[in-house]
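To keep things clear, I will list the structure first and then write my remarks on it.
The values are calculated or read from the model by the stated rules, or taken from the named source; none is laboratory data. Small disclaimer: the values here were computed from a predicted structure and weren't measured. Ideal geometry is used to build each Cβ from the backbone, glycine not excepted, and the neighbour counts take in all protein chains shown.
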Amino acid sequence: MKKACLLLLVFTLVVALLFTGGCGKGATPSEPSGTETEGGEAAPSEEPIKLIFATWEQPSTYLGQVYQQAADRIEEETGGRVIMDCYFSGSLLEYADMFSGVSSGRCDIGTAISSMIPGKLNQIFDQPYVGIPDQLETTKAFKELLATTPELQEEMEQLNARWISLRAMPPYQLHMVNKSVRVPSELKGLTIIASGDTIVDTSGGSSIDSSPADMYMNLERGLADGMITHWNAIVTFGLKELFSSHTSFGGTHTGLKAAAIGWVINLDTWNKLPADIQEKIVEVYEWADVELGKHVEGEEAQEWSREQGHEFVELTADEIELWKEVAKPSVDKWIADVEAEGWPAGDIYAKLAELIEKHR
């Protein structure tokens with residue numbers, strides 16, 4: 001009997017040791033990874049936010065390289081909380097579909113030019129302003145206008161998008177293939193690639209839009225007689241060899257207008273992002289604006305064109321006034337059309353004019 005009792009005692013001690021654990025002094029159950037829920041179960045760790053970025057720009061260009069650097073910075077500076085999935089060269093969205101692709105959610109962030117935006121108020125960045133200053137000065141004016149004019153973002157939000165950041169393109173000049181143009185009447189009967197430029201139509205010409213992929217073909221085959229754009233674009237899209245004459249509106253560093261270009265984000269995507277990530281995305285793309293402002297290929301294109309014997313048409317003060325007179329009816333019509341939709345377009349246009357002079 002004693003032997004049986006001893007065996008029972010030993011068995012009980014062994015079982016007790018097994019259940020109290022033999023993992024070392026102070027051993028405790030493993031802590032769950034992640035945050036514990038009210039029911040005591042572990043919540044899964046936070047998944048990275050994946051954002052799809054699209055552009056028509058090629059990754060090998062200066063602009064494309066900065067776009068990639070911006071995407072990399074967003075990943076790094078959010079500590080991997082955001083992953084950027086980038087599509088270049090129109091591989092996800094073609095040039096003409098860029099804004100609609102962002103607003104519909106086919107991508108989260110995309111590059112956009114103001115002329116792409118269907119909202120009429122945001123077309124203020126495409127109105128002619130003959131003698132507009134160089135890119136840096138105009139960018140300051142555009143940024144201040146966006147920051148102090150809530151109506152611009154309100155219209156964008158009606159389109160299910162919003163500006164992240166924007167900058168001015170370099171000043172636009174008139175570049176012609178086979179003839180020179182000095183006064184507006186000389187545009188009569190000509191076809192000009194000019195996104196959103198009603199000044200061509202007011203002068204008796206025809207303005208057409210063209211994707212970057214089609215610009216060379218349209219000019220080479222005579223489908224267009226010239227183009228209103230900035231010098232950097234001539235280099236980026238390989239067009240400099242096609243032109244023979246260049247009309248500048250007050251000098252090579254001033255122009256007919258300067259469209260806005262920047263990044264737009266799908267509004268639903270924006271509203272889902274934590275505030276700190278929103279701030280970081282804006283901060284990175286503002287950094288990219290500064291880097292892109294260093295893009296000076298246009299100066300090299302001007303020097304090359306002079307070496308090739310191209311004609312540079314420098315307008316007199318009286319000739320510049322003729323262009324301003326032709327531009328005014330199109331600006332007045334834009335103001336009337338936008339005010340009919342309930343936006344204070346006249347006041348905002350006057351404000352932009354003041355800002356341009358302020359930063360000139």
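Among the strands (runs of 3 or more DSSP E) confined wholly to region 157-252, which include 3 or more residues that are out of contact with any His (no Cβ under 8 Å at 6 or more places or on another chain), among the aliphatic types (A, V, I, L, M) and closer than 22 Å to F99 by Cα? Please lay out each step first, then the result.
Working: elements: 161-168, 173-176, 191-193, 206-208, 226-229, 245-248.
The qualifying strands (runs of 3 or more DSSP E) are 161-168.
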Criterion violated by W263 - all others in (1) modelled with pLDDT of 95 or more; (2) over 25 Å from the mean Cα position of the chain (by Cα); (3) surrounded by 15 or more Cβ atoms within 10 Å (Cβ to Cβ); (4) not in a helix (DSSP H, G or I) satisfied: (2)
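Being outside any strand (DSSP E or B) and either of a type in the set (A, V, I, L, M) or at positive phi (or both): is that true of V313 here? Working first, answer last.
On the way: outside any strand (DSSP E or B): no; either of a type in the set (A, V, I, L, M) or at positive phi (or both): yes.
When the stated conditions are applied, V313 does not pass them.
Could you count how many residues in region 209-226 are over 20 Å from G90 (Cβ atoms) and not basic (K, R)?
Counting residues in region 209-226 that are over 20 Å from G90 (Cβ atoms) and not basic (K, R) gives 6.
To keep it simple, each residue is scored yes or no on (1) outside any strand (DSSP E or B); (2) at pLDDT 95 or above; (3) in contact with a Leu (Cβ under 7 Å, 6 or more places away or on another chain).
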| site | (1), (2), (3) |
| --- | --- |
| V284 | yes, yes, no |
| E300 | yes, no, no |
| E303 | yes, no, no |
| R306 | yes, no, no |
| K333 | yes, no, no |
| V338 | yes, yes, yes |
| Y349 | yes, yes, no |
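Across region 340-357, what is the total count of residues that are buried (at least 17 other Cβ atoms within 10 Å of the Cβ) and either more than 17 Å from E144 (Cβ to Cβ) or more than 24 Å from the chain's Cα centre (by Cα) (or both)?
Of region 340-357, the ones buried (at least 17 other Cβ atoms within 10 Å of the Cβ) are 343, 345, 348-349, 351-352, 355-356.
After this cut, where a residue has to be either more than 17 Å from E144 (Cβ to Cβ) or more than 24 Å from the chain's Cα centre (by Cα) (or both) as well, the list is 343, 345.
So the count comes out to 2.
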Residue in region 161-175 that is surrounded by 15 or more Cβ atoms within 10 Å (Cβ to Cβ), closer than 23 Å to A327 by Cβ and either more than 24 Å from the chain's Cα centre (by Cα) or of a type in the set (F, W, Y) (or both) present: yes
Pair list, Cβ < 9 Å and 6+ apart or interchain, from region 339-352 residues that are under 15 Å from F125 (Cα atoms) to residues that are among the small types (G, A, S) and part of a helix (DSSP H, G or I): A345/A336; G346/A336; L352/A141
Matching option when the condition is farther than 26 Å from V290 by Cα and in contact with an Asp or Glu (Cβ under 9 Å, 6 or more places away or on another chain), among S245, S211: S245
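Test K294 against the criterion of being of a type in the set (K, R) and either surrounded by fewer than 21 Cβ atoms within 10 Å (Cβ to Cβ) or at pLDDT 95 or above (or both), and give yes or no.
Criteria met by K294.
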Matching residues, region 49-107, being assigned to a helix (DSSP H, G or I), closer than 18 Å to V282 by Cα, charged (D, E, K, R) and without any contact (Cβ under 8 Å) to a residue 40 or more places away in the chain: D72, E75, E76
Residue match in region 41-50 (condition: touching a strand residue (DSSP E or B) at 6+ places or on another chain (Cβ under 9 Å), surrounded by 12 or more Cβ atoms within 10 Å (Cβ to Cβ), closer than 25 Å to S211 by Cβ and modelled with pLDDT of 95 or more): no
Residue match in region 308-322 (condition: among the acidic types (D, E), surrounded by fewer than 16 Cβ atoms within 10 Å (Cβ to Cβ) and within 26 Å of V235 (Cα to Cα)): yes
Filter result for the condition that a residue is crowded, with 20+ Cβ neighbours inside 10 Å and in contact with a Ser or Thr (Cβ under 6 Å, 6 or more places away or on another chain), over T138, T111: T111
Residue within region 22-36 that is modelled with pLDDT of 90 or more, out of contact with any strand residue (DSSP E or B) (no Cβ under 8 Å at 6 or more places or on another chain) and hydroxyl-bearing (S, T, Y) present: no
Selection from region 297-307 of residues that are crowded, with 17+ Cβ neighbours inside 10 Å and within 9 Å of K240 (Cβ to Cβ): A301, S305
Residue tally, condition without any contact (Cβ under 8 Å) to a residue 40 or more places away in the chain, out of contact with any Gly (no Cβ under 8 Å at 6 or more places or on another chain) and surrounded by 13 or more Cβ atoms within 10 Å (Cβ to Cβ), over region 323-338: 1
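Take region 223-238 and flag every residue that is farther than 17 Å from P171 by Cα and not small (G, A, S).
Initial filter on region 223-238 (farther than 17 Å from P171 by Cα): 223-225, 238.
Selection gives L223, D225.
With respect to T236, determine if the residue is surrounded by fewer than 20 Cβ atoms within 10 Å (Cβ to Cβ) and either basic (K, R) or in contact (Cβ under 8 Å) with a residue 24 or more places away in the chain (or both). Don't jump to the end; show me each part of the working.
Working: surrounded by fewer than 20 Cβ atoms within 10 Å (Cβ to Cβ): no; either basic (K, R) or in contact (Cβ under 8 Å) with a residue 24 or more places away in the chain (or both): yes.
So T236 does not fit the description; no.
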